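What follows is a set of notes on a single structure, which appears directly below.
The values are calculated or read from the model by the stated rules, or taken from the named source; none is laboratory data. Please read these numbers as outputs of a predicted model, since none were measured by experiment. Every residue, glycine among them, receives a Cβ derived from its backbone with ideal geometry; neighbour counts consider all protein chains shown.
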Ligand code: MN
């Protein structure tokens, strides 16, 4: 099996190296990653700048390092860098959970979505951070590789991102895997820190930390908080299907529900 591995934390992230080592048990791993950290960079692609690529050593092999975004990395890998299409795209292990509304900001999830857009089974994998806790990335990566193999054995669906999150404990102590919907809550507190630059001009820096308390039950956020490993299948389609069905029903009934056609 050919695997494309990427992330949004850049070449030097511990989660990336751990995942490369663990995924070698599943197949041949090619790494294409952004040069800089692109966390919370979303699904941006570069259309107004060049995309320089260089090679760098990573965990006993080579990685392609792109001066671009996570989505750039996957697009470029699929169309130019890899000699053949991969069977699987994996993005991670992100330093920080990607649950609830975070998936919309996440470069990790967006890179995996780029694989899904290309019709390739894709995984995003992230680890919840907490003050005083360093995720054991090698153990998490090995546990993820077994989970991914199980999902692939049962037939991973193309066009879907399996968004996997690990709780803030050793995976041997994690509660069982839960398949959950995405929470609609914002699972972090954030605020802007105001400082002055050396010339006395103000600047702001967004500071955030996890806040998982307020989520709906049995969602990715609440299950992760309770110590489960979570799997949430995501698609690119943001359509509100219930509202479409209601609009279609209103048209059939000759109703006036605000539809324009
Ligand atoms: Mn990140």
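Yes/no matrix, rows are residues, columns are (1) in contact (Cβ under 8 Å) with a residue 60 or more places away in the chain; (2) closer than 25 Å to residue 19 by Cβ; (3) surrounded by fewer than 19 Cβ atoms within 10 Å (Cβ to Cβ); (4) touching a helix residue (DSSP H, G or I) at 6+ places or on another chain (Cβ under 6 Å):
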| residue | (1), (2), (3), (4) |
| --- | --- |
| 155 | no, yes, yes, no |
| 175 | no, yes, yes, no |
| 216 | no, no, yes, no |
| 222 | no, no, no, no |
| 226 | no, yes, yes, no |
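Screening the candidates 63, 97, 84 for the property of being in a loop (DSSP other than H, G, I, E, B), surrounded by 19 or more Cβ atoms within 10 Å (Cβ to Cβ) and modelled with pLDDT of 95 or more yields one hit, 97. Of all the listed residues (77, 56, 50), the sole one being over 17 Å from residue 9 (Cα atoms), away from the ligand (no atom under 16 Å from the Cβ), surrounded by fewer than 15 Cβ atoms within 10 Å (Cβ to Cβ) and modelled with pLDDT of 95 or more is 50.
Within region 105-120, being assigned to a helix (DSSP H, G or I) and either in contact with a strand residue (DSSP E or B) (Cβ under 6 Å, 6 or more places away or on another chain) or within 14 Å of the ligand (Cβ to nearest atom) (or both) holds for 105, 107, 108, 109, 110, 111, 112, 113, 115, 116. Is there a residue in region 140-160 that is part of a strand (DSSP E or B) and touching a strand residue (DSSP E or B) at 6+ places or on another chain (Cβ under 7 Å)? There is no residue in region 140-160 that is part of a strand (DSSP E or B) and touching a strand residue (DSSP E or B) at 6+ places or on another chain (Cβ under 7 Å).
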